[in-house]
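Step one of this worksheet: look at the structure below.
Bear in mind these aren't lab numbers, they're just calculated from the coordinates by the rules spelled out. Given the structure is predicted, the values throughout are model-derived calculations rather than measurements. All Cβ positions, glycine included, derive from the backbone under ideal geometry; neighbour counts span all protein chains shown.
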Amino acid sequence: MSIPSKQHAKRVGVAGSVAIFCVLFAAGCALAADRASEQKREGSQSLPKAGVTNKTDTGKSLFDGKKLTGWKATDFAGRGEVSVKDGKIILESGSMTGITWTNANDLPRMNYEISLEAMRVEGGDFFCGLTFPVGKDPCSLIVGGWGGGVVGLSSLDSQDAANNETTRYMTFQNGRWYLIRLRVTEAKIEAWIDADKVVDVTTADKTISVRIEMEESKPLGIASWSTTAALRNLQLRRLQP
């Protein structure tokens, strides 16, 4: 048996290295192709199919940050000025100051959510009196009323926000934004302030109404009482039953 020369061994070593590199390169390409194919499949699965819609819509803005399009200053006696400034709706302090939605025909009466951010700028009473429809009846969510701390619905069985099962006391800071979200379905009225659920009431067999002072806010309105308030990011989202 002959002993391979050094040159022959070197050539064999180089050839072997090249072969190993080619194998590893091919395996890497195959793995990359598999990953790309998997990502493509995952991406296609995450996209909605044509003609398929979500159970809830994505919502629409009720305020563009520039004008009161769709709203009017509510005709309260002794009201303060309503203006738009720096992307906010400002309700200046008055006996009661507010805005009312003007397109009632475009407003859902059931199975919807409304959200907004509200701030008590100055004053010591409610900075968000949100009046909203529950079927054919109106109701109001009061945030910071009765001297600054009451949260609840006005009215249930003719009892206002300070005197029914939704009555709650909270502390609100002037100059701080609060995220307020309200949900109306056939069975319930629910509401959140920031992450805290503050209303969860079953509406069956209950009489729903508003206090007489809030009549001008129907069907949808936001008001403040003896307080300067700021509002922004008003959104409406329809829900499936």
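For the range 60-238, the normalised intensity computed at q = 0.08, 0.16 Å⁻¹ comes to -0.20, -0.88 (log10 of I(q)/I(0), Debye sum over alpha carbons, equal scatterers, no solvent). With the cut-off at under 19 Å, measuring from each backbone N in the range 179-221 to a point 7 Å along the Cα-to-Cβ line of Ala162 picks out 209-215. Relative contact order, whole percent, for the range 70-224 stands at 26, derived from Cα pairs under 8 Å and 6 or more residues apart. Note on Thr185 and Lys72: the model spin-label points, each 7 Å out from Cα along the C-beta direction, lie 3.5 nm apart. Of Lys136/Lys188; Lys60/Lys136; Lys60/Lys197; Lys60/Lys218; Lys72/Lys206, which pairs sit farther than 26 Å apart, going by alpha carbon to alpha carbon? The pairs that break the limit, which is 26 Å between Cα atoms, are Lys72/Lys206. Label separation (Arg238 vs Lys136): 2.2 nm, computed from points 7 Å beyond Cα along the C-beta direction.
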